[in-house]
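A.B. asks: After the structure tokens below, expect a handful of questions from me.
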Amino acid sequence: MANAKSENLVEVQHLTKSFVAATNFFGKPTSFVQAVDDVSFTIRRGEAFGLVGESGCGKTTIGKMLVGLLKPTSGKIIFEGEDITSLNTKDRRRLCSDIQLIFQDPYASLNPRMTIGQIVAEPILTNNILPKDKVEDRVDELLERVGLASYMKNRYPHEFSGGQRQRVGIARALAVNPKLIVCDEPVSALDVSIQAQVLNLLDDLKDQFGLTYLFIAHGLNVVKHISDRVGVMYLGRLMEIAPKNSLYHEPLCPYTQALLSAIPSPDPKLQRKRIILEGDVPSPIDPPAGCRFASRCFAKVGACDVAAPDLAEVLPDHMCACHRYENVDQKAVSKMARDIQYDAARPTYGRGKRVVNADPVVGPGTDAKRA
């Protein structure tokens with residue numbers, strides 16, 4: 001039975017997803033790709049939880065498992081106190097109106113043979129949310145909510161720009177009054193100025209409807225403007241989870257520090273020391289036994305190659321998977337994190353690491369929030 005009093009809308013417990021990479025002559029799997037490996041986190045009601053990391057780290061796979069497009073290999077997904085990982089098709093369909101998805105590609109996710117009005121109306125009719133005579137008015141209302149005129153409902157997707165098509169996707173997700181929306185890189189295919197508009201729209205809708213987001217993205221600069229808490233993934237595992245202010249001002253994990261140093265500056269006169277990670281990402285088919293980031297880390301210790309660190313709370317509401325902070329009191333954690341960042345600015349620190357000035361490129365770091 002759902003626990004309405006819990007502050008957590010979603011609880012992900014030891015979630016794992018593996019894909020078959022190769023089979024033998026008899027069709028028996030011989031190797032697997034570990035896309036997601038023992039991931040645990042919570043999404044609180046009414047918050048936007050950001051999930052960032054390199055391509056292939058498993059963040060989109062987590063989003064697909066939440067909406068039911070993929071079945072976990074092991075672990076649990078608790079939604080409103082109910083384990084939804086093993087639901088049958090009938091029970092899973094019941095959750096479709098509670099959990100919705102905004103796709104990365106705003107064009108490929110829309111049926112080119114349907115008008116915009118038909119696309120937005122389809123989930124309303126499928127889930128019998130409103131009588132048929134009231135669906136058109138609801139479609140008009142949703143289009144206006146996302147910044148589109150109601151007369152556009154008779155047009156087809158190819159008649160819209162990328163930003164407008166993404167607004168249609170947002171309207172379709174809102175049509176069934178969801179409690180959780182998984183935003184799978186919803187602005188990565190858009191221009192910088194349009195990214196800001198869509199982020200502002202999502203932020204406004206979150207306040208208006210009391211929505212909860214899982215916001216998946218590549219860039220920490222984009223996630224910063226909409227997320228309340230941020231989780232950083234690397235090669236299928238969570239490396240750090242923290243409130244956004246804590247993560248951006250005092251990152252603990254060396255991988256998070258490297259990501260933050262790579263954010264382009266919108267000011268051409270501002271030059272930033274950048275941490276360049278050398279070496280390749282380990283294979284997800286045969287991941288290392290220790291920390292996944294150890295082979296590229298500039299601050300690793302002896303235990304990093306031996307065992308994987310647990311994701312533990314090292315500061316209030318700030319979790320990190322790093323051997324450096326094990327058995328260390330909270331007063332020493334902040335100093336250790338600052339020392340890592342200070343040393344990371346020195347070209348001579350660490351093996352196989354070099355530091356260069358970041359290129360002063362104007363990029364998606366432009367503040368998306370309204371003044």
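The values are calculated or read from the model by the stated rules, or taken from the named source; none is laboratory data. In this text the structure is predicted, and so the values were computed from the model without any measurement. FYI the Cβ positions are ideal-geometry reconstructions off the backbone, even for glycines, and counts take in every protein chain you see.
A.B. asks: Please find, among Leu205, Leu190, the residue that is assigned to a loop (DSSP other than H, G, I, E, B) and either out of contact with any strand residue (DSSP E or B) (no Cβ under 6 Å at 6 or more places or on another chain) or free of Cβ contacts under 8 Å to residues at least 40 places away in the same chain (or both). Before you say what the answer is, go through the steps one by one.
C.D. replies: Working: Leu205 fails: assigned to a loop (DSSP other than H, G, I, E, B).
Criteria check complete, one pass: Leu190.
A.B. asks: Starting from residues that are without any contact (Cβ under 8 Å) to a residue 24 or more places away in the chain and β-branched (Val, Ile, Thr), keep the ones in region 85-125 and report whichever is surrounded by the fewest Cβ atoms within 10 Å (Cβ to Cβ).
C.D. replies: For region 85-125, the residue satisfying everything is Thr89.
A.B. asks: So, one more: In region 311-364, which residue that is small (Gly, Ala, Ser) and modelled with pLDDT under 50 is farthest from Arg296 (Cα to Cα)?
C.D. replies: Going through the qualifying residues, I end up with Gly363.
A.B. asks: With (1) surrounded by fewer than 23 Cβ atoms within 10 Å (Cβ to Cβ); (2) under 27 Å from Cys297 (Cβ atoms); (3) polar (S, T, N, Q) as the list, and Gln197 as the residue in question, which single condition is left unmet?
C.D. replies: With respect to (1) surrounded by fewer than 23 Cβ atoms within 10 Å (Cβ to Cβ); (2) under 27 Å from Cys297 (Cβ atoms); (3) polar (S, T, N, Q), Gln197 is out only on (2).
A.B. asks: For region 245-279, which residues satisfy the criterion of being of a type outside the set (A, V, I, L, M) and within 14 Å of Phe293 (Cα to Cα)?
C.D. replies: Cys253, Pro254, Tyr255, Thr256, Gln257, Glu278, Gly279, listed by residue number.
A.B. asks: Find the residue count for region 97-112, including only residues that are among the hydrophobic types (A, V, I, L, M, F, W, C) and closer than 14 Å to Gly63 by Cα.
C.D. replies: 4
A.B. asks: (1) free of Cβ contacts under 8 Å to residues at least 60 places away in the same chain; (2) part of a helix (DSSP H, G or I): which one isn't true of Leu148, the others all being true?
C.D. replies: Result: Leu148 passes all but (2).
A.B. asks: Filter region 159-184 down to residues that are under 19 Å from the mean Cα position of the chain (by Cα) and part of a loop (DSSP other than H, G, I, E, B) and give me whichever is nearest to Ala121 (Cα to Cα).
C.D. replies: The residue in question is Pro178.
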